[in-house]
1. For the chain, what does the relative contact order come out to in percent, with C-alpha contacts under 8 Å and a separation of six or more?
2. So if each residue of separation counts as 0.36 nm, and I subtract the Cα-Cα distance between D88 and K26, what length gain in nm does that give?
3. Counting heavy atoms of the protein chains only and a 1.4 Å probe, report the per residue accessible area for the chain as a whole number of Å².
4. Roll a 1.4 angstrom probe over the protein heavy atoms and tell me the percent of accessible area of segment 4-115 that is carbon or sulfur.
5. Return the FRET efficiency for the residue pair D50, E78: r is the Cβ-Cβ distance, R0 is 22 Å, and the value is rounded to the nearest 0.05.
6. Students often get this wrong: which residues of segment 44-71 have the backbone nitrogen under 19 Å from the point 7 angstrom along Cα-to-C-beta of S102?
7. Among the aspartates and glutamates, which have Cα under 18 Å from the Cα of K26 when same-chain residues fewer than 8 positions away are ignored?
8. Specify which labelled value, from [x] 128; [y] 89; [z] 117, agrees with volume of the Cα convex hull per residue in Å³ derived from the coordinates of the model shown.
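The values are calculated or read from the model by the stated rules, or taken from the named source; none is laboratory data. On a predicted model such as this, the values are computed, not experimentally measured, just so you know. Glycine gets a Cβ as well: all are built from the backbone with ideal geometry, and neighbour counts include every protein chain shown. Please note that ligands, DNA and RNA were not included when accessible areas were found on the heavy atoms of the full protein model with its side chains. Shrake-Rupley method; radii C 1.70, N 1.55, O 1.52, S 1.80 Å.
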Amino acid sequence: MTDTDKQAKSKRPQQVFTLVVEVGRKSGDGLPKGATGAALMIYASGVDEDEAVRETVAILKQADMAPLDVTGYGTADERIAQGHEIEDDERELMDRALAENSVIVAQVTPFFDKT
């Protein structure tokens, strides 16, 4: 990356993206006994969604999780344009992710095999 590219990237503002990450099982992942995996609702900051996804996957791997798939739902403005309602508590977590330049796991939904 050239200095010009770095300068252009550094001038782009951080945004917060809503991601849903499916994870599989891995030793030490902290998921409940008997779970086959989970879906994580995440708010992640980045200059674009690709960066938010890369950072999220890297952090989940450091936390001994096994990310399998990531679905991006865009920024708050993009979600509102799609008709999503964003509650105050969700907005607070998004604001926190932006202020801290962080990845916040807002919800974990474990999957269990029904057989």
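1. 37
2. 19.0 nm
3. 64
4. Ligands and nucleic acids excluded, carbon and sulfur give 48 percent.
5. 0.90
6. 44-47, 52-65
7. D64, D69, D113
8. This structure yields the entry labelled [x].
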